[in-house]
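Engineer: Structure in structure tokens, see below.
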Amino acid sequence: IAQPDLYCYNELIFTFLTCGKRKNALHVLENLRRGQTLYLKPNFITYGMFIRNSALRGEAEEAREMFNEMTVVHKIEPTAQTYASLIEAYVKSGDLKGGLDVLEEMKSRGVQPTDETFRRLRDAALQNSNASL
């Protein structure tokens, strides 16, 4: 019998997050963290989904925690898309300066902002008129 691969676990996490069942998604992530899925470990896609989900809900602290776990604990390099989600989380939470700080962090780490990065920054700022510097 074939064992599920990381793609299957990521799809399960995505499904839970899409259906608003974050606790279930976190349970799957916890199994990956602890190595209870044999040889599988979370990757940039796994963490990217959680960061994006936090961004959509304007949960900057939650997004930053996942970002830090990804980069510091698991030594996974963030992509431009990961940074875009983190920026979006800050701006949607009302912290435009935090989003701009992440943009600077991104550039200082040698990750080039993309059109998507600036689009998300703009859109989040437009959606949240309470965002302040």
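Engineer: Give 86, 96, 100, 29 a once-over and let me know the one that is open to solvent by less than 80 Å² (accessible area, probe 1.4 Å) and either touching a residue at least 60 places away in the same chain (Cβ under 8 Å) or over 30 Å from residue 126 (Cβ atoms) (or both).
Structural biologist: Working: 86 fails: either touching a residue at least 60 places away in the same chain (Cβ under 8 Å) or over 30 Å from residue 126 (Cβ atoms) (or both); 96 fails: either touching a residue at least 60 places away in the same chain (Cβ under 8 Å) or over 30 Å from residue 126 (Cβ atoms) (or both); 100 fails: either touching a residue at least 60 places away in the same chain (Cβ under 8 Å) or over 30 Å from residue 126 (Cβ atoms) (or both).
The match here is 29.
Engineer: Right, residue 107: surrounded by fewer than 17 Cβ atoms within 10 Å (Cβ to Cβ), in contact (Cβ under 8 Å) with a residue 12 or more places away in the chain and over 19 Å from residue 47 (Cβ atoms) or not?
Structural biologist: no
Engineer: Being open to solvent by less than 60 Å² (accessible area, probe 1.4 Å), within 21 Å of residue 119 (Cα to Cα) and among the small types (Gly, Ala, Ser), is that true of even one residue in the stretch 15-26?
Structural biologist: No.
Engineer: Scan the stretch 57-80 residue by residue and report those that are acidic (Asp, Glu) and surrounded by fewer than 16 Cβ atoms within 10 Å (Cβ to Cβ).
Structural biologist: 61, 65, 77
Engineer: Now for a separate question. Kindly indicate whether any position in the stretch 38-56 is assigned to a helix (DSSP H, G or I), surrounded by 15 or more Cβ atoms within 10 Å (Cβ to Cβ), among the aromatic types (Phe, Trp, Tyr) and touching a Leu at 6+ places or on another chain (Cβ under 8 Å).
Structural biologist: yes
Engineer: In the stretch 1-14, what residues are closer than 19 Å to residue 67 by Cβ and open to solvent by less than 70 Å² (accessible area, probe 1.4 Å)?
Structural biologist: Hits for the stretch 1-14 are 10, 13.
Engineer: Let me ask something else. How do the helices (runs of 4 or more DSSP H) wholly within the stretch 67-133 filter down when requiring 1 or more residues that are modelled with pLDDT of 95 or more: which remain?
Structural biologist: Working: elements: 80-92, 96-108, 115-127.
Passing ranges, in order: 80-92, 96-108.
The values are calculated or read from the model by the stated rules, or taken from the named source; none is laboratory data. Predicted model, so just to flag it, every value in this text is computed and none were measured. All Cβ positions, glycine included, derive from the backbone under ideal geometry; neighbour counts span all protein chains shown. Note: areas computed on protein heavy atoms with side chains; ligands, DNA, RNA excluded. Shrake-Rupley method; radii C 1.70, N 1.55, O 1.52, S 1.80 Å.
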